Amino acid sequence: MNVICTDKTGTLTENKMTVTNYFLWDNINKITEEEHTVSEDLQLMLNAFVICSNATYKDDKGIGDPTEIALHIFTTNLQITDAMLEQVQRIAEFPLMQLKSMSVLVHDNEAYTVYTKGAIVRLLEVCSLILIEGKQVQFTETHKTRIKAVAALLSDDALRTLGVAYKIVPQKIDADQLEQDLVFVGMVGMYDPPREAVKPVIALAKSAGISVVMITGDHKNTAFAIAQNLGIANNISEVMSGPDFDKISPEQSKSVVNNIAVFARVSPEHKVNIVNALKSNGNIVAMTGDGVNDAPSLSAADIGIAMGKSGTDVARSAADIILTDDNFETIIKAVEKGRNIYQNIKNLSCFY
């Protein structure tokens, strides 16, 4: 094995998301221990994040996706509880998949409301209005440019950005109609600290001739900031987004992947294509994964490595190896022991 394609969250990082900033037009607010005034707009944002979620957080314990748990903690710290969930009835859900967004339709006091959370680029596509000081106004290119700039600013600080939107509808609608003509509310920036032991381990891997390629769904700037901190990439030119990867032909991808250390904003299909491109250059490729959508890329890799703690049963079934502690350091230790065993076998064969 000479290439390891690794997911970021939970493998290179601690998978402990924390909301550090939130944005409501036109202010970036840093989360501090000081008391925050909960405006009407902020109240709506908090409600949306709690309702548009499948995680739970009670008695300082969270169950579910770490990102959604972080959002629950964020709302709890601002004195917003999950009690509102008892007052609404979920009618439909459009799950988070390749569109990078999740929407729910709920019924509350004879009204229907859609709440959507997701990647900023996705929300910019489906929003036609923006909430400014309690009023819905037309979503202009000026607004969109400002939001993109804020998202880039937060991403440069290695923060993952997540936006939220909503709309009130007069009656029940189908799930495929949820993400249309939404009202943009705001966004949050979340930080997931890198594992302390990862940086020296990556340096050790490189010294042993192993290339480490980080593959993540994060924004390009966020991915680069983390990769640079860990010693995976030194220049933004070593980062490629999934949409940019789509623009090149399979033949071109063979040469391009040799110069890319980070792939950002990727889909499950991108992961498979990246693995195949690396393999076509004669590399022995290992791939880590934990979700159901990671199964195809785990199967495509020469060595599929599933997360034993956070991984799904589907990912573990598709993998060749199960990493019981979800720790990147363990992968490198296993490679080291494997190479020692191989060398001993070679020496023994030569002796006889």
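The H on the amide N of Gly186, modeled in the peptide plane, is under 5 Å from the matching H of Val164, each at least 5 residues off or on a different chain. Helix 141-156 axis versus longest C-alpha principal axis of the chain: approximately 40°, rounded to the nearest ten.
Oblate is the label for segment 270-352. Its Cα gyration tensor axes, ordered a ≥ b ≥ c, give a/c of at least 1.5 and b/c at or above a/b. If the chain linking Lys16 and Thr76 were pulled fully straight, counting 0.36 nm for each residue of separation and taking away their Cα-Cα distance, it would gain 20.0 nm. Roughly what angle does helix 40-51 make with the longest principal axis of the chain, taking Cα atoms, 0 to 90 degrees, to the nearest 10? Value to nearest ten degrees: 50.
For the residues Asp181, Asp7, Asp65, a 1.4 Å probe over the protein chains yields an accessible-area ranking, largest first, of Asp181, Asp65, Asp7. For the chain, the per residue solvent-accessible surface stands at 49 Å², with DNA, RNA and ligands left out and a 1.4 Å probe. Only the Cβ atoms of Lys and Arg (+1) and of Asp and Glu (-1) were treated as charged; on that basis the dipole of the chain about its Cα centre amounts to roughly 1280 debye.
Counting only alpha carbon atoms, the long axis of helix 268-280 and the longest principal axis of the chain meet at about 20°. With K and R counted +1 and D and E -1, the other residues having a Cβ less than 13 Å from that of Tyr166 yield a net charge of -3. Length gained on full extension, Ser128 to Glu336: 69.5 nm, using 0.36 nm per residue less the C-alpha separation.
Taking every protein chain into account, the 1.4 Å probe leaves Phe94 with about 60 Å² of accessible area, to the nearest ten. Just check segment 50-175 against the gyration tensor rule for me: Cα atoms, a ≥ b ≥ c as the square roots of the eigenvalues, rounded for a/c under 1.5, and otherwise prolate or oblate depending on whether a/b exceeds b/c. In terms of gyration-tensor shape, oblate. Ignoring lysines fewer than eight residues from Lys206 along the same chain, the ones with Cα atoms less than 18 angstrom from its Cα are Lys8, Lys333, Lys337.
Take the alpha carbon gyration tensor of segment 175-296, find the square roots of its eigenvalues, order them as a ≥ b ≥ c, and report rounded if a/c is under 1.5; if not, report prolate when a/b exceeds b/c, else oblate.
Note, shape of segment 175-296 comes out oblate.
Find the centroid of the Cα atoms in segment 254-307 and in segment 100-166, then give the distance between the two in whole Å. Each part reduced to its Cα centre gives a spacing of 31 Å. Along Cα→Cβ, 7 Å out, is where each label goes; now give me the distance between the ones at Ser310 and Asn2 in nm to one decimal. So the two model labels end up 3.0 nm from each other.
Taking amide hydrogens as placed 1.01 Å from N in the peptide plane, the amide H of Cys127 sits under 5 Å from those of Leu182, each at least 5 positions away in sequence or on another chain. Mind giving me the FRET efficiency for Asn259 and Thr37? R0 is 41 Å, r the Cβ-Cβ distance, nearest 0.05 is fine. Computed FRET efficiency for Asn259 and Thr37 comes out at 0.25. Across segment 194-352, the relative contact order, built from alpha-carbon pairs under 8 Å that are at least six residues apart, equals 16 percent. The local environment of Met307, defined by Cβ-Cβ distances under 13 Å, has a net charge of -3 under the rule Lys, Arg +1 and Asp, Glu -1. Residue by residue, segment 323-339 carries 3J(HN,Hα) couplings of 8, 5, 10, 6, 10, 4, 4, 5, 4, 5, 4, 5, 4, 4, 5, x, 5 Hz when phi is fed to the Karplus relation 6.51 cos²θ - 1.76 cosθ + 1.60 (θ = phi - 60°); x denotes Gly or Pro.
The values are calculated or read from the model by the stated rules, or taken from the named source; none is laboratory data. Treat the numbers as computed from the prediction; the structure is a model and nothing was measured. Glycine gets a Cβ as well: all are built from the backbone with ideal geometry, and neighbour counts include every protein chain shown. The accessibility values were calculated without ligands, DNA or RNA, using every heavy atom of the protein model including side chains. Shrake-Rupley method; radii C 1.70, N 1.55, O 1.52, S 1.80 Å.
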